[in-house]
Number of protein chains: 2
Amino acid sequence: MTGSNDDRTSAETAALVEFVFGAASAEIPDAVLHESKRCLLDFLGLAIGAVAEPAVAIARRQCELLGGHEQAFALGTATRLRATDAAMVNGVAAHAFDFDDTHVPTILHATTPLYAASVALAQWRGRSGLDLLAAHALGYELGARVSLALYPEHYDAGWHMTGTTGPLAAAAASGRMLNLSGPAAVHCLGIAATQACGHREQFGTMAKPFHAGHAAAAGALAALLADDGFTSAPDALQGRRGMFAVMSTVSTPADLVQGLGERWEIFRNGVKPYACGVVTHPAIDALLRLQSEAGLSVDDIEHIDLQVHPLVPELTGKMEPRTGLEGKFSVVFACAIALLDGAAGERQFSDANVTRADVRALIRRIRLTPDAELDHTQAVATAKRKDGESISRRVEHASGTPENRLDDDALAEKFRDLVGPVLGSTQASELERRVWEIDSAPDLSALLSASVPSGPR
Amino acid sequence: MTGSNDDRTSAETAALVEFVFGAASAEIPDAVLHESKRCLLDFLGLAIGAVAEPAVAIARRQCELLGGHEQAFALGTATRLRATDAAMVNGVAAHAFDFDDTHVPTILHATTPLYAASVALAQWRGRSGLDLLAAHALGYELGARVSLALYPEHYDAGWHMTGTTGPLAAAAASGRMLNLSGPAAVHCLGIAATQACGHREQFGTMAKPFHAGHAAAAGALAALLADDGFTSAPDALQGRRGMFAVMSTVSTPADLVQGLGERWEIFRNGVKPYACGVVTHPAIDALLRLQSEAGLSVDDIEHIDLQVHPLVPELTGKMEPRTGLEGKFSVVFACAIALLDGAAGERQFSDANVTRADVRALIRRIRLTPDAELDHTQAVATAKRKDGESISRRVEHASGTPENRLDDDALAEKFRDLVGPVLGSTQASELERRVWEIDSAPDLSALLSASVPSGPR
């Protein structure tokens, strides 16, 4: 931990800010920008797909009740909210299904606060598609690196990373949308850092997606305030009473700068194939492989042993979920429904499914064993069949992780599944096409026009 | 620390919520309501007095740029903002001078987030003066008790109490303005708790009053969301990954309920007579007593020894402040200017004063000694005179603390000093009169009309 005096930004923070706010959009490698484009497709799918979720509807309604200038869309509707409200509502929406992407090493859901804030500001301020992608890529870099500097102690203590480092990521992307530089960029980051919040106790309630929405709105507000001369501590991260010292007992500021500009954290992004907590995915993969590769049938199962990373029972240990939302935090439910339905998409996590008799019966046959030797992208599933034979599969890299990534087609399929019911398939295709072409768009107007439902179908 | 299962609120939290949200306004003791009325006068004085401060002007301008329905005044102006924005702007304003009141045992600046949120909601929703006072008294009780359960470890770790427990206090007062009860009250508190934030690194920058504004807006938003069915964790404070466990290594949930309804925390409220960090006040008192009682003259001073609580140099140890704002966090500057000007009001903490030659010369003669035997309301000042004689004064209870409180007249004088320059003395008197009569007002309209500047003077 680097100390600081009154008016100096520690070297690591200063270098990261310079890189993230200073880089020209055109300098970002194409492969990085392509990742940001994939993230945009995933973000839009999730935000639009969740438009009717209760948490989203409430947030949108309260924002409308408070009012504001019509600056940016509540995605999936024709409603324009003020930019910070659009950031909040779209952040809640894109995280509502617990289906958004993840910086695998730190479990930060970076894209949701990033695009929730920057799409709103880009619409309001008429920024180009390329600038939006670059803001995402660089904001991702900042958010991921701040998270690396805090992980794992910070997360283990009970902080929800998306709520704590999400505001900083969103502030970086927002700051780029407003062309912040110099002291204003430092203040922008500082105003965001001091809004870091969100306890893991809230998992399984509407307050969890609220963390992502709050992060987006906090980041956008930080940029707007800093753009107008609002000040913050110069060393908000590394100072003696700053974010790192207060929110972690062990932090590693070197992570802010190591290999900066040489390697990109976005290549460690995971895109979720299953609509539930990311730590449950290796176990689901292992079971689906037992089914597809070894012909395991539900009727044959005597019992199943799941060896998983210790965080899995801690985060997703609910044995008797009562709602679809709780089911997303129940590894045994997720595994059971995946085996029974052959899928674990958004529609599987319904209130009706968690109480199904066949689901409950299968859950009772699943045993969970934490294994500290396993990484959180790994799991081993062993099924004891009624005929006495045991079959087993070990997953090294869960599907959707960087080492076993979803290709662009699989990603587009996830997008269409989410967006089709809201926009219809024709418009969903149009929106998808606009995303793949966004880097040459002078602004977001064509893309966002395609996101507005054209009327009752 | 009481653990919790999935759907239960721990007993202490449940009892506190029931008391704070459930009590009828008319049941609150008159003496308690009178304290809340005094706090309202102080709050309005500070919020109106700071109307032209840069931090306040920036916050107000950005809120106007974002827009909203005209629900509540930015105090000291004719501008109506949406309620959550008014909460934010008025919260920034009332804390901008570092001159607002303090729950002495925990250094929580309770009133600023409380009234910033509840005055805005009361104006919007047409609530009575009595209901407003009761919301303050009960919100104060909740905020102070949550702070007691966390103090001192939480504060020592670097959290700014007003940013962390302020949202809970504001949520309680806001929840009463919306008549929340039952599960909605629990969710309101939970949504606020998970927005707790604010690092002490930000002291001396605009981000410090922003913490108070954020707390007010976060509390108001929590109430609005909960009122519409938004959910949070049932045990957001005492749950295994809840606020207490995450934000402190030592918490004392018994403080939430001990003597609840028998003693009132508002009687431990301190009202600041000096416009600087509250921990500097005992030292200022001691020096002013050396001046008034022992005839100490600045020209006679060889040097001054100040024995102070160890937090004093930690929080206000700046030896060479460069701005008036930094001067508020410099005990040696505050003491020097108080001796030289015979006062330590808002106008003393100017950019010009911190660089005055006589001030700098006197600062160089002051030595600071931390003394762990002293309470933070105590200090000892010893002046060695040029004639070789030493004179000393010990302050047990700084002026403005509960044991040495400002009477209503002294409080009104502080109010007039702050408000007079903005509204003129006639209107300031009218506003003061409306405050003293607020408990019989059916709504806030007459009071707030008197808060709007009547035009150029």
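Some points to look at:
- The value obtained for the stretch B:276-333, namely the Cα convex hull volume divided by the number of residues, is 92 Å³ per residue.
- With R₀ set to 60 Å, the beta-carbon distance separating residue A:454 from residue A:249 gives a calculated FRET efficiency near 0.65.
- Here the sum of -39500 (n - 2.57) over DSSP H runs of 4 or more residues, divided by the residues of the protein assembly as shown, equals -15500 deg cm²/dmol at 222 nm, to the nearest 500.
- Mean projection of the Cα convex hull over all viewing directions, computed for the protein assembly as shown: 37.0 nm².
- Alpha-carbon spread of the stretch A:303-374, three principal axes, descending order, Å: 35, 23, 19
- Taking all C-alpha pairs of the stretch B:1-73, those more than 17 Å from each other amount to 70 percent.
- Computed from Cα atoms, the angle from the helix B:331-341 axis to the main principal axis of chain B rounds to 60 degrees.
- For chain A, the percent of C-alpha pairs falling in each 20 Å distance bin, counted from 0 to the bin holding the largest distance, reads 27, 56, 16, 1.
- Binning the alpha carbon pair distances of the stretch B:159-201 at 5 angstrom intervals from zero yields the distribution 6, 27, 27, 19, 12, 6, 3, 1, expressed in whole percent.
- Long-range HN-HN contacts of residue A:302 with modeled amide H, under 5 Å: A:384, A:385, A:386
- With the label put 7 angstrom out from Cα along the Cα-to-Cβ vector, residue B:181 ends up 6.0 nm from the copy partners, going from closest to farthest.
- The alpha-carbon positions of the stretch A:51-111 define a convex hull whose volume is 78 Å³ per residue.
- Linear extension gain, residue B:443 paired with residue B:24, 0.36 nm per residue minus alpha-carbon span: 149.1 nm
- Residue list for the stretch B:411-444, given a label point 7 angstrom along the Cα-to-Cβ vector of residue B:34 and an amide N cut-off under 15 Å: B:411-412, B:436-439
- Relative packing of A:160-172, A:355-367, which averages over residues the other C-beta atoms within 10 Å, highest first: A:160-172, A:355-367
- If the Kirkwood radius is taken over C-alpha pairs of the stretch B:352-442, then at 20 °C and 1.002 mPa s the Stokes-Einstein diffusion coefficient equals 122 µm²/s.
- Separation between Cα centres of the stretch A:112-167 and the stretch B:1-64, rounded to whole Å: 32
- Evaluated at q = 0.19, 0.20, 0.23 Å⁻¹: base-10 log I(q)/I(0), Debye formula over Cα of the stretch A:278-399: -0.96, -1.07, -1.41
- Each copy carries a label point for residue B:156 at 7 Å from Cα along the beta-carbon vector; from one copy to the others these points are 2.3 nm apart, nearest first.
- Degrees, to the nearest 10: A:30-49 long Cα axis against longest axis of chain A: 70
- In this structure the amide hydrogen of residue B:199, modeled in the peptide plane, comes within under 5 Å of the amide hydrogens of B:160, none closer than 5 places in sequence on its chain.
- C-alpha long axis of helix B:281-294 to longest principal axis of chain B, angle in °: 40
- Label-point spacing at residue B:433 relative to the other copies reads 7.2 nm, in ascending order, each point sitting 7 Å out from Cα along Cα→Cβ.
- Converting phi to 3J(HN,Hα) with the Karplus coefficients 6.51, -1.76 and 1.60 and the offset θ = phi - 60°, the stretch A:190-205 yields x, 5, 6, 4, 7, 9, 4, 6, x, 9, 5, 3, 7, 4, x, 10 Hz in sequence order, with x at every glycine or proline.
- Backbone amide hydrogens, once placed in the peptide plane, bring residue A:368 within less than 5 Å of A:306, excluding anything fewer than 5 places away on its chain.
- Qualifying GluC sites (Glu not before Pro) in the stretch A:383-457, DSSP loop, other Cβ atoms within 10 Å at most 15: A:389, A:396, A:437
- Counting all C-alpha pairs of the stretch A:11-270, share separated by more than 32 Å (%): 12
Every read-out reported here was derived from the displayed coordinates using simple, explicitly stated rules and does not represent laboratory data. What you see is a predicted model; the values in this text were computed from it and never measured. Using ideal geometry, Cβ is built from the backbone for each residue, glycine included, and neighbour counts are taken over all protein chains shown.
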